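What follows is calculated from the coordinates using simple rules that are stated; it is not laboratory data. Every value quoted in this text rests on a predicted model; they were computed, and no experiment measured them. In this analysis, Cβ positions are derived from the backbone assuming ideal geometry, glycine residues included, and neighbour counts consider all displayed protein chains.
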Amino acid sequence: MQWNALMESMPRDELQRLQLDRLQATVAHAYARVPLYRRRFEELGVHPDDIRDLTDVVRLPFTVKQDLRDTYPFGMFAVPRSELARIHASSGTKGKATVVGYTRGDLEVWAEVVARSIACAGARPGDILHNAYGYGLFTGGLGLHAGAERLGVTVVPASGGFTRRQVALLQDFGANGLCCTPSYALNIAETMADMGVDRSALQLRYGIFGAEPWTEAMRRRIEEQFGMDALNIYGLSEVMGPGVAMECPEEKAGLHVWEDHFLVEVVDPETGSPLPDGAVGELVFTSLTKQAFPVIRYRTGDLAAMLSEPCRCGRTHRRMSRVKGRVDDMLIIRGVNVFPQEVELELMQFETLAPHYQLTVVRDGPLDHLEVHVEWTAGVPVNDAFAAELSQTIAERLRERLQVRPRAVHIHPAGTLPRSEGKAVRVVDERALGSV
Ligand code: DLL
């Protein structure tokens with residue numbers, strides 16, 4: 001179902017005219033109200049009046065996460081603090097926290113794009129939506145919540161954690177949709193099995209999973225465990241939160257970026273030059289309607305491609321591919337680039353392995369080594385010879401895929417690796433922990 005068919009199926013030439021009007025307004029607003037933008041524009045010798053066409057966006061300066069840190073907490077807001085209706089913030093695990101803000105109008109737009117996203121996943125009026133994204137400063141919980149209310153479904157604000165209770169609520173309330181990170185969905189599925197709850201005891205038709213990278217192989221596992229469509233939702237706090245882009249069940253092949261609110265580009269992560277559709281590069285977003293916290297060419301660090309083929313669902317908004325990885329998640333091991341998702345794709349091929357894994361990077365003398373930790377599926381009969389053989393097979397397959405052979409593939413007993421209740425930690429880089 002299209003929540004806002006007028007916008008979601010707008011002919012592309014009309015959509016582009018709307019984008020240009022909104023881009024011009026956003027650029028003028030940011031230039032007039034945010035000193036950092038004005039300074040950057042002046043350094044490049046560009047003025048808001050220079051934006052006459054959508055392609056002129058490439059003349060504008062990039063914005064990066066460090067800019068938010070440097071202006072912490074409120075230095076990039078384009079409205080007086082008293083006009084902010086809400087603030088969200090990132091945890092700041094990789095540096096100082098970053099803060100974003102919304103006017104009442106911004107919250108309306110956010111609810112609109114999330115309502116579209118939930119409807120796009122297959123929600124129908126009267127549904128129950130179980131929301132297990134964390135509520136709080138993280139945008140996942142409250143973002144999905146407001147969109148669900150806007151759409152008019154019954155929302156269960158479960159937040160993350162207390163997984164056995166989540167299973168009981170899913171069963172007792174008969175939720176039709178589940179929102180959480182894909183890694184948490186697998187944790188819930190495993191807890192269901194522990195509690196002896198079969199998927200047929202649930203009424204789930206669709207899941208809305210995002211906030212972390214995941215693979216097609218992971219999708220198959222989740223769909224199998226729950227018997228539902230597992231769909232990808234993308235977003236980031238700096239640009240809005242969840243609901244920047246959403247996958248449709250018709251094709252399950254890429255996520256429609258809500259282009260009436262977000263202008264998307266893909267650039268070469270090294271040089272910043274624009275890349276054509278189909279090429280994988282760094283996603284860059286310019287907000288088109290935000291008032292409190294407009295972003296101009298924000299470099300997400302997320303690697304994906306834009307796909308311009310029309311979609312069977314009838315939406316005219318272009319799709320982005322699944323995120324292939326993050327620029328800063330890429331491991332460089334002996335000069336070779338490795339993305340955790342590539343390891344995931346390989347591990348998920350084995351039914352005897354559970355979909356829980358972690359990678360460690362260790363430095364031994366002058367050399368860096370990759371170690372893979374994964375688990376047996378519960379109930380698989382294991383003996384040492386079988387374990388040794390499987391470890392070898394995986395190491396060999398990873399060598400072929402990555403061009404780096406892991407030093408060790410440890411297969412742990414079922415249920416022993418850490419489980420995620422939100423964004424999973426896939427990589428432990430012991431080099432960064434000072435173990436050199
Ligand atoms: O994770 C917003 C969100 C909440 C999206 C709930 C979807 C669902 P941040 O905490 O600011 O915001 O983290 C943003 O998470 O730059 C990506 O690296 C990653 N990410 C988000 N969605 C996806 C996805 C929320 N579908 C960062 N696939 C982004 C891969 C994703 N990575």
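At each listed q (0.14, 0.15, 0.20, 0.21 Å⁻¹), what is the log10 of I(q)/I(0) that the Debye formula gives for the stretch 315-436 modelled as equal alpha-carbon point scatterers?
-0.64, -0.73, -1.19, -1.29
Using the Cα gyration tensor of the stretch 163-244, with a ≥ b ≥ c the square roots of its eigenvalues, what is the shape: rounded (a/c below 1.5), prolate (a/b larger than b/c) or oblate (neither)?
Values: a/c = 2.05, a/b = 1.71, b/c = 1.20.
Verdict is prolate for the stretch 163-244.
Quick one: what are the phi-derived ³J(HN,Hα) couplings along the stretch 180-194, Karplus 6.51/-1.76/1.60 with θ = phi - 60°, whole Hz, x for glycine and proline?
These are the phi-based 3J(HN,Hα) values: 5, 6, x, 5, 6, 4, 5, 5, 4, 4, 5, 5, 4, 4, 4 Hz.
Give the average over all directions of the projected area of the C-alpha convex hull of the stretch 205-273, one decimal, in nm².
Numbers: hull surface 23.4 nm².
One quarter of the hull surface, i.e. the mean projection, equals 5.9 nm².
Ignoring everything except DSSP H segments at least 4 long, calculate the 222 nm mean residue ellipticity for the chain; use -39,500 (n - 2.57) per segment, divide by total residues, nearest 500.
Values: 11 runs with 135 residues, N = 436.
Mean residue ellipticity, 222 nm, calculated: -9500 deg cm²/dmol.
Using Cβ counts within 10 Å as a stand-in for footprinting exposure, how do CYS179, CYS313, CYS248, CYS120 rank, fewest first?
Values: CYS179 34, CYS313 17, CYS248 25, CYS120 28.
With the sparsest Cβ surroundings first, the list reads CYS313, CYS248, CYS120, CYS179.
Report the residue, chosen from THR55, THR71, THR98, that carries the largest GNM mean-square fluctuation when the chain is represented by alpha-carbon nodes joined by springs under 10 Å.
THR55
Give the range of the longest stretch in the chain that excludes all GluC sites (Glu not before Pro) found in loop regions by DSSP and having at most 10 other beta-carbon atoms within 10 Å.
Values: sites that count: GLU270, GLU351.
Longest run free of exposed loop sites: 1-269.
Quick one: what do you get for the stretch 245-360 if you divide its Cα Rg by 2.2 N^0.38 Å?
Details: Rg = 16.4 Å, N = 116, 2.2 N^0.38 = 13.4 Å.
That works out to 1.22 for the stretch 245-360.
In which sequence would SER9, SER420, SER82 go, from the one with the fewest C-beta neighbours within 10 Å to the one with the most?
On the way: SER9 14, SER420 20, SER82 5.
Fewest to most other Cβ atoms nearby, the residues stand as SER82, SER9, SER420.
Rounded to the nearest 5, what is the percent of antiparallel bridges among the DSSP beta bridges in the stretch 1-327? Walk me through the intermediate numbers first.
Values: 28 of 44 bridges.
Bridges in the stretch 1-327 are about 65 percent antiparallel.
Put +1 on the Cβ of every Lys and Arg and -1 on every Asp and Glu Cβ in the chain; which of HIS412, SER237, HIS317 then has its Cα farthest towards the positive end of the dipole?
SER237
Two decimals is fine: what's Rg over Rh for the chain, C-alpha atoms, Kirkwood radius as Rh? List each step's numbers first, then the result.
Details: Rg = 22.2 Å, Rh = 22.8 Å.
Taking Rh as the inverse mean 1/r over Cα pairs, Rg/Rh reads 0.97.
Got the relative contact order for the stretch 1-327 handy, in percent, Cα pairs under 8 Å and 6 or more residues apart?
Details: 674 pairs, mean separation 60.0, N = 327.
Relative CO of the stretch 1-327 lands at 18 percent.
Please compare each pair in LYS65/LYS324; LYS290/LYS423; LYS65/LYS290; LYS290/LYS324 to a cut-off of 23 Å on the Cα-Cα distance and tell me which ones are over it. Show your work: numbers first, answer last.
Numbers: LYS65/LYS324 20 Å; LYS290/LYS423 26 Å; LYS65/LYS290 18 Å; LYS290/LYS324 27 Å.
Violating the 23 Å Cα-Cα cut-off are LYS290/LYS423; LYS290/LYS324.
Of all trypsin sites (Lys or Arg not before Pro) in the stretch 16-93, which ones are in loop regions per DSSP and have a Cβ with at most 14 other Cβ atoms within 10 Å?
Values: sites: ARG17, ARG22, ARG33, ARG38, ARG39, ARG40, ARG52, ARG59, LYS65, ARG69, ARG81, ARG86; in loops: ARG52.
Here the sparse-neighbourhood loop sites are ARG52.
Determine, for HIS317, HIS369, the number of other Cβ atoms within 10 Å of each Cβ, and report the residues in order from fewest to most. Walk me through the intermediate numbers first.
Values: HIS317 23, HIS369 19.
If I rank by nearby Cβ atoms, fewest first, I get HIS369, HIS317.
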